[in-house]
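Here is the structure we will look at.
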Amino acid sequence: MKKLGISTVLAVSALCFLVWFSPLKAHADSVTLTLENVGPGNNSGGVYTYPYNFSIDDSKSYVSLMCFIYYDEIYEGETWTATVVPINSSSPKDDLELAYLFNVASTSNNPATVTDAQWAAWELFDTGLTAPTGVSQAGVNTELTDAENANLSQFYSGYELYIPASGWPAGDGTPQSFIGVAPAPEPSSFILFGSGLLTAAGALYRRKRRTA
């Protein structure tokens with residue numbers, strides 16, 4: 001059996017590292033979502049608002065998401081498969097405005113602002129919906145206007161949608177759709193390590209050719 005040279009081994013290892021830790025791996029086509037709980041006290045007009053806390057692919061750490069389709073329903077413990085749709089420069093404007101509203105809700109410490117942003121997200125995708133008693137429709141309208149007029153270029157990346165695909169019980173309505181922060185790319189140190197292995201393999205190969 002022909003033995004593999006060290007340069008070949010290094011080259012194969014480098015390619016494995018670069019493929020496995022590529023930023024393209026940060027986005028799976030689909031994931032399993034499980035609703036673990038909702039933010040305490042975040043109830044508006046009898047419905048829960050951001051945050052909805054999920055485990056993704058059975059992770060032990062939870063991710064806070066915001067729903068944007070009002071009339072679909074979910075319950076704690078429900079699990080389903082969702083298609084992951086990254087938001088980018090070619091996304092519909094509504095998706096970019098949704099990312100703006102999610103950013104408002106996820107960074108605010110003011111419960112009223114969070115509520116306004118949540119209802120604005122629902123109304124963005126259902127223009128016939130109006131905020132219930134106890135929620136300021138004027139505040140919701142302000143959030144919608146701010147989203148429409150915002151510089152949305154900063155929301156071309158860093159967020160993604162979770163659209164229900166399959167996995168809910170027969171007779172149970174379609175789960176809600178959600179938006180959240182996209183996972184950070186894998187640490188650049190692994191990419192650099194893979195590049196270093198590839199460079200070393202090339203150097204060894206050239207050296208072997210010169211001494212052959």
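The values are calculated or read from the model by the stated rules, or taken from the named source; none is laboratory data. As the structure is a prediction and not an experimental result, all values here were calculated from the model. Neighbour counts run over all protein chains shown; Cβ positions are idealised from the backbone, glycine included.
Odds and ends about this structure:
- Within the range 176-188, residues that are modelled with pLDDT under 90 have Cβ atoms under 8 Å from residues that are aromatic (Phe, Trp, Tyr) in these pairs: 182/159; 186/21; 187/21, counting only partners at least 6 apart in sequence or on another chain.
- Look at the range 125-136: where a residue is part of a helix (DSSP H, G or I) and a partner is of a type outside the set (A, V, I, L, M), sitting 6+ places away or on another chain with Cβ atoms under 6 Å, you get 125/68.
- Residue count, the range 122-146 (criterion: within 15 Å of residue 45 (Cα to Cα) and among the aliphatic types (A, V, I, L, M)): 4
- Residues in the range 48-82 that are in contact with a Gly (Cβ under 8 Å, 6 or more places away or on another chain), more than 10 Å from residue 37 (Cα to Cα) and among the hydroxyl-bearing types (Ser, Thr, Tyr): 48, 49, 50, 79, 81.
- The conditions of being touching a Pro at 6+ places or on another chain (Cβ under 6 Å) and either acidic (Asp, Glu) or in a loop (DSSP other than H, G, I, E, B) (or both) are not met by residue 148.
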